[in-house]
Amino acid sequence: EGNFADHHVHSSFIYRRLRNHERREIQREILSILGLPHRPRPFSVGKHSSSAPLFMLDLYNAMSSEQETERGAARGSLTYRAILTTQSPPLASLHDTNFLNDADMVMSFVNLVERDKYFSHQRRHYKEFRFDLTQIPEGEAVTAAEFRIYKDRSNSRYENDTFRITIYQVLKEYSNRDADLFLLDGKKIRASDGGWLVFDITATSNHWVVNPQHNLGLQLCVEIMDGRTINIRSAGLIGRHGPQSKQPFMVAFFKASEVLLRSVR
Amino acid sequence: AANSKRKNQNRNKSSSSQDSSRLSGPGDYNSSEQKQACKKHELYVSFRDLGWQDWIIAPEGYAAFYCDGECSFPLNAHMNATNHAIVQTLVHLMFPDNVPKPCCAPTKLNAISVLYFDDSSNVILKKYRNMVVRSCGCH
């Protein structure tokens, strides 16, 4: 409002400050344009410096510069590719970036639970992650989804080892034995490597959006080459207790499946 | 008919505006006495001023722009006048009390991206089309 008064004196109808009720009306109208029923009230403190908002801010900056230059899809593809690479050296696989250029919406999800487990029957270490996909706005279809977890260079006794890191979808849980799992993605990583690891979980995300009751989370497992599983912390993977900027998160890309129609008031 | 109306209108206007418009060429009809011609004006919508900086991460606001000004004959002085605007101007000149002048409104609109938290502290990056006026014209 201050800016208007300084630079736009010709606009008599915006020269004055908005009254409280006018301000509320404007807020309501802008929320309506953004397709939001109410003003969000995020709960966590210091959230702006967390890994997911930082990653999303990089995407935002890339999209904004692309809109400014208006040079089309080819440049956009390069921009996104650059982000994926700089975010994750040297571990990220370079994805087909078409879905990134086509995305109408990108959404990151915070990890709701992370449990270290050691199951005595099979002497198997694994970690569980859960994401709530029920908050996705209506009319959006998932085109791609990734689980991202940061790996520090390992200084442990596994320093010269190679790890096989595997991610599974939990299909069914039991109280007396291991859960039924579905293999989603896996990578071979040297212990000395560091950076973001990216796993493709597109099919699972689509399944969870349609059937939220089947969302029992993900399991991540680290094996050394002799087949033994090890604690993920020993492998240098950063979990909930690590720095905010290296917390694991999930990111999904969406294409609008229908035109957003504003309701008549 | 339109020409004669226009001449009449100009004659009336010039008599009350100290003949300033009489010296003007067709593109300079916008004298100090008359309303400014249809054009783009800047208007910054500040999310910070709306008290939303806790949930909107970026941008801090956006230059939305708006279109304002008069759509008067000759319309070719304006950017992107539609055929309807030309027709409506002619009809307005014939029936000034019944038919208004064409509207000064956006002809091209740009998208913006907004990055924000939802109630669960998930982060949403969404592209909103038709948010920023790129150019104005007469409709």
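Summary table
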item	result
Residue satisfying condition, being buried (at least 17 other Cβ atoms within 10 Å of the Cβ) and within 20 Å of A:Tyr150 (Cβ to Cβ), within set A:Gly239, A:Gly186	A:Gly239
Members of the range B:126-137 that are more than 7 Å from chain A (Cβ to nearest Cβ) and buried (at least 20 other Cβ atoms within 10 Å of the Cβ)	B:Val133, B:Cys136, B:Gly137
Looking only at the range B:31-42, and only at residues there that are under 24 Å from B:Ala63 (Cβ atoms) and either modelled with pLDDT of 85 or more or more than 8 Å from chain A (Cβ to nearest Cβ) (or both), the one that is surrounded by the most Cβ atoms within 10 Å (Cβ to Cβ)	B:Cys38
Out of A:Thr202, A:Thr229, sole residue that is surrounded by fewer than 21 Cβ atoms within 10 Å (Cβ to Cβ), of a type in the set (Val, Ile, Thr) and modelled with pLDDT of 90 or more	A:Thr202
From the options B:Pro96, B:Pro74, residue that is modelled with pLDDT under 90 and out of contact with any Leu (no Cβ under 8 Å at 6 or more places or on another chain)	B:Pro74
Residue within the range A:54-63 that is out of contact with any helix residue (DSSP H, G or I) (no Cβ under 7 Å at 6 or more places or on another chain), among the hydrophobic types (A, V, I, L, M, F, W, C), surrounded by 12 or more Cβ atoms within 10 Å (Cβ to Cβ) and at pLDDT below 85 present	yes
Lone qualifier among B:Gly51, B:Gly61, B:Gly69 - being under 30 Å from B:Lys101 (Cα atoms) and either within 14 Å of chain A (Cβ to nearest Cβ) or not aromatic (Phe, Trp, Tyr) (or both)	B:Gly69
Qualifying residue in the range B:97-104 (condition: farther than 30 Å from A:Ser49 by Cβ, buried (at least 20 other Cβ atoms within 10 Å of the Cβ) and either out of contact with any helix residue (DSSP H, G or I) (no Cβ under 9 Å at 6 or more places or on another chain) or of a type in the set (Val, Ile, Thr) (or both))	yes
The one condition in (1) among the aromatic types (Phe, Trp, Tyr); (2) in contact with a helix residue (DSSP H, G or I) (Cβ under 9 Å, 6 or more places away or on another chain); (3) at pLDDT 80 or above that A:Tyr80 fails to fulfil	(3)
Leading residue by the ranking (nearest to the other protein chains (Cβ to nearest Cβ)) among those in the range B:72-125 that are in a helix (DSSP H, G or I) and among the small types (Gly, Ala, Ser)	B:Ala77
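The values are calculated or read from the model by the stated rules, or taken from the named source; none is laboratory data. Bear in mind that the values here come from a model prediction, so they are computed numbers and not experimental data. Backbone-built Cβ (ideal geometry, glycine too); neighbour counts: all protein chains shown.
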